[in-house]
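Comments concern the structure below.
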Amino acid sequence: MNQKHVKKAFIIDDDEAINFVTKKLLANFDKDCEVTTFSKPMEALEKLKEILTASQPLPDVLLLDINMPKMNGFEFLQKMREEGLSKKIQVIMYTSSVNPDDKKQSAGYDNVIGYMEKPFSAQAYGKILEMTYNR
């Protein structure tokens, strides 16, 4: 049986501690998953454009925080749309926000496939797989 797993994931969150913990937990669930973290959304956007230009494999999924300085998660999603990346990359909003308006706004983006609240839990990897592959 061919088991699904996330081959490549990006975590975009301004909190480096969250990035570190989430990356470690993802590695515990799937040692073959290549996880790259970004604390600055613009750096993540530049990396995505670089990968696309080089015709390299894009991440299977992005875990994207909402509340970040300089560029929040929604601004990042808008930039993805402007760069033509939104049709190519699935996003899971990964946030501490419990604001129902944030969840509603997230649903307005075609490439947002889910909304998860921090902190990352043992069930989270299963949810990521379910959201990524059961669309």
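The values are calculated or read from the model by the stated rules, or taken from the named source; none is laboratory data. The structure displayed is predicted, hence computed values, not measured ones. Reconstructed Cβ throughout: ideal geometry from the backbone, glycine too, with neighbour counts over all protein chains shown.
Tabulated data
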quantity	calculated
Every residue from the range 51-67 that is among the β-branched types (Val, Ile, Thr), buried (at least 20 other Cβ atoms within 10 Å of the Cβ) and closer than 19 Å to Thr132 by Cβ	Val61
Some residue of the range 38-51 being in contact with a Cys (Cβ under 7 Å, 6 or more places away or on another chain), in contact (Cβ under 8 Å) with a residue 12 or more places away in the chain and of a type outside the set (Asp, Glu)	no
Output for the range 21-38, where each listed residue is of a type outside the set (Asp, Glu) and touching a helix residue (DSSP H, G or I) at 6+ places or on another chain (Cβ under 9 Å)	Thr22, Leu25, Leu26, Asn28, Phe29, Cys33, Val35, Thr36, Thr37, Phe38
Given (1) at pLDDT 90 or above; (2) closer than 20 Å to Asp15 by Cα, number of the condition Pro119 does not satisfy	(1)
Of all residues in the range 16-32 being surrounded by fewer than 18 Cβ atoms within 10 Å (Cβ to Cβ) and among the hydrophobic types (A, V, I, L, M, F, W, C), the one that is modelled with the lowest pLDDT	Phe29
Pairs, first farther than 13 Å from Thr132 by Cα and touching a residue at least 60 places away in the same chain (Cβ under 8 Å) in the range 91-117, second part of a helix (DSSP H, G or I) and of a type in the set (Lys, Arg), C-beta under 7 Å, six or more apart	none
Residue tally, condition modelled with pLDDT under 95 and surrounded by fewer than 16 Cβ atoms within 10 Å (Cβ to Cβ), over the range 33-45	1
Qualifying positions in the range 68-100 - aromatic (Phe, Trp, Tyr) and surrounded by fewer than 20 Cβ atoms within 10 Å (Cβ to Cβ)	Phe74
Verdict on Asp13 being acidic (Asp, Glu), at negative phi, buried (at least 17 other Cβ atoms within 10 Å of the Cβ) and touching a Leu at 6+ places or on another chain (Cβ under 9 Å)	yes
Test set (1) touching an Asp or Glu at 6+ places or on another chain (Cβ under 9 Å); (2) more than 19 Å from Asn28 (Cα to Cα); (3) modelled with pLDDT under 95 - Gly73 fails condition number	(3)
